[in-house]
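Colleague: Take a look at the following structure, please.
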Amino acid sequence: MDHFKYSNGQLFAEDVAVADIISHVGTPTYIYSRGTLTTHYQKLAQAFAPLNPTICYSIKSCGNLAILRVLSELGSGFDVVSGGELFRALQAGGKPSGIVFAGVGKTDAEINEALDAKILLFNIESEAEFWNIDRICGDRKQSARAALRVNPDVASAGTHQKTLTGKKETKFGVDIDRAAAFYRQAAKARHLALSGLHLHIGSPIKTTQPYVDTINKALTLIDELAREGIVIDTLDIGGGYAAFYEGNEAPSAADYAAAIVPLLRGRKLKIILEPGRSISCNAGILVSRVTYTKQGGSKHFVIADAAMNDLIRPTLYESYHFIWPVNPGADAEPPNRGSELRIPGDQKVDVVGPVCESGDYLAKDRYLPVVKRGDLLAVFSAGAYGFAMSSQYNARPRAAEVMVNGKNWTVIRRRETYQDLVAAEL
Ligand SMILES: *Cc1c(COP(=O)(O)O)cnc(C)c1O
């Protein structure tokens with residue numbers, strides 16, 4: 001699952017004591033494990049190797065340049081959703097031939113940036129967008145390739161409302177009933193070739209069945225179009241592969257591949273995958289220090305120095321992140337990361353931050369060993385949509401980011417300062 005392990009009562013990131021890093025860098029800090037990133041990428045690449053796919057890591061899940069460089073060196077391409085993410089991908093040495101660009105509202109400026117870079121594929125989300133990109137290509141006397149994002153209208157059980165994207169009524173893509181007509185129209189375009197089909201049904205998808213249903217629907221459509229002479233040569237099956245939040249509930253890369261590979265093997269299709277959280281989620285923890293503890297009615301509160309501005313997932317998605325002290329002592333090491341974990345003497349607490357919102361919490365009604373002011377807490381499975389979604393709300397400088405590699409660690413983003421808060425203001 002990851003390279004964050006307890007030994008002799010303290011938490012290690014690979015071979016480095018987390019408390020040691022924090023004594024230099026302070027809190028709150030995101031700590032990433034290079035080994036975990038690498039392992040997750042390689043497991044996915046190996047599992048899907050029979051399809052020889054292009055893997056486009058989803059930058060929006062965690063986009064620090066150092067992380068993108070690690071993945072780029074492993075051979076990963078990138079899934080970008082903005083001009084800014086395209087900039088990050090290129091800065092990190094990403095090859096344009098491995099970049100796919102999704103998003104419902106690509107502006108003309110962003111489209112031009114992508115055409116300047118000569119990316120692999122535009123993932124098209126509407127008719128208006130398709131014809132706009134075709135027009136811009138014409139103005140530039142340049143051709144480009146596109147895939148149509150199709151909503152297969154499948155149920156993806158267990159996925160939060162805010163991350164469901166596969167239904168007809170989503171703002172993303174076009175619904176599958178209208179897709180064939182779209183392809184027929186697009187065949188008349190002169191500069192933008194619509195030769196791909198893109199799927200991304202939401203995240204995290206905790207079972208393999210929604211992928212199977214979706215891909216089967218897509219293949220039926222592809223075969224129908226082929227009979228009309230419209231050739232689809234690229235199938236982008238998106239991301240959403242689950243990570244480990246509450247123990248071992250997620251299918252592994254091998255499980256996903258076991259369900260998906262047989263459907264696509266032998267097909268003359270270039271396959272693209274867009275994993276985000278399945279690579280970055282477990283590769284990162286957020287470390288915070290307890291500022292105070294207090295009681296309110298029957299409730300115990302642990303007030304941490306990390307807040308919703310650092311990690312908004314609990315508030316935004318009601319998501320679960322396992323939290324445990326960094327130095328619990330040998331008799332309070334967590335045997336696993338399940339949500340029902342109990343140890344003698346523990347206490348039910350809410351872990352909250354200092355931001356002035358009642359929605360500012362990291363955990364609710366959670367059993368933790370008794371902690372006191374000054375203790376360090378690790379928030380696990382925080383690598384994806386953690387730092388990437390952080391803000392300066394309440395004028396809180398953003399956290400530092402550190403990457404560990406074996407016995408070594410480096411700061412990959414320094415902690416923001418008060419000057420950073422006002423740097424862009426005139
Ligand atoms: C967010 C996103 C992904 C990655 O989702 P994960 O759950 O992080 O794997 C992939 N493709 C598209 C189009 C996305 O918007």
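Colleague: Between Lys348 and Lys118, what is the FRET efficiency for a Förster distance of 41 Å, r being their Cβ-Cβ separation, to the nearest 0.05?
Modeller: 0.15
Colleague: Put Trp324, Trp409, Trp131 in order of accessible area, largest first, 1.4 Å probe: what do you get?
Modeller: Trp131, Trp409, Trp324
Colleague: So, one more: Rg over Rh of the stretch 34-280, using C-alpha atoms and the Kirkwood radius, what does it come to?
Modeller: 0.94
Colleague: Could I ask something else about it? In sequence order, what are the phi-derived ³J(HN,Hα) couplings for the stretch 411-417 according to the Karplus relation 6.51 cos²θ - 1.76 cosθ + 1.60 with θ = phi - 60°, rounded to whole Hz, with x for glycine and proline?
Modeller: Residue by residue, the stretch 411-417 yields 6, 9, 8, 6, 4, 5, 10 Hz.
Colleague: What is the log10 of I(q)/I(0) for the chain, computed with the Debye formula using one identical point scatterer on each Cα and no solvent, at q = 0.11, 0.12 Å⁻¹?
Modeller: Values, matching the q order: -0.84, -0.98.
Colleague: Here's a follow-up. Using 0.36 nm per residue of separation minus the Cα-Cα distance, give me the extension gain between Arg190 and Glu127 in nm, one decimal.
Modeller: Residue separation times 0.36 nm, minus the Cα-Cα distance, leaves 21.2 nm.
Colleague: Now for a separate question. Apply the Karplus parameterisation 6.51 cos²θ - 1.76 cosθ + 1.60, with θ equal to phi minus 60°, to every residue of the stretch 199-208 and state each ³J(HN,Hα) to the nearest whole Hz, in sequence, with x for glycine and proline.
Modeller: Along the stretch 199-208, the couplings run 10, 7, 9, x, 6, x, 9, 8, 9, 7 Hz.
Colleague: So which of Lys95/Lys270; Lys43/Lys372; Lys43/Lys95; Lys364/Lys407 end up more than 28 Å apart by C-alpha?
Modeller: Cα-Cα > 28 Å for Lys43/Lys372; Lys364/Lys407; rest within.
Colleague: Shifting gears a bit: Measure off, as a whole percent, the carbon and sulfur share of the 1.4 Å-probe accessible area of the stretch 1-123, all protein chains present.
Modeller: 49
Colleague: Please give the helix 108-117 orientation as an angle from the longest Cα principal axis of the chain, in degrees from 0 to 90, rounded to the nearest 10.
Modeller: Helix 108-117 sits roughly 80 degrees off the main axis of the chain.
Colleague: On C-alpha positions alone, give me the angle between the axis of helix 127-140 and the longest principal axis of the chain, in degrees, nearest 10.
Modeller: 70
Colleague: For the chain, what does -39500 (n - 2.57) per DSSP helix run (n ≥ 4), summed and divided by total residues, give at 222 nm, in deg cm²/dmol to the nearest 500?
Modeller: Helix-only estimate at 222 nm: -8500 deg cm²/dmol.
Colleague: Shifting gears a bit: With θ taken as phi - 60° and the coefficients 6.51, -1.76 and 1.60, list the Karplus ³J(HN,Hα) couplings across the stretch 176-190 in order, rounded to whole Hz; mark glycine and proline as x.
Modeller: Karplus-based 3J(HN,Hα) across the stretch 176-190 equals 4, 5, 9, 5, 4, 4, 4, 4, 4, 4, 5, 4, 7, 5, 9 Hz.
The values are calculated or read from the model by the stated rules, or taken from the named source; none is laboratory data. Since the structure is predicted, the reported quantities are computational estimates derived from the model, not experimental observations. All Cβ positions, glycine included, derive from the backbone under ideal geometry; neighbour counts span all protein chains shown. Protein only, heavy atoms only, side chains kept; ligands, DNA and RNA dropped before computing areas. Shrake-Rupley method; radii C 1.70, N 1.55, O 1.52, S 1.80 Å.
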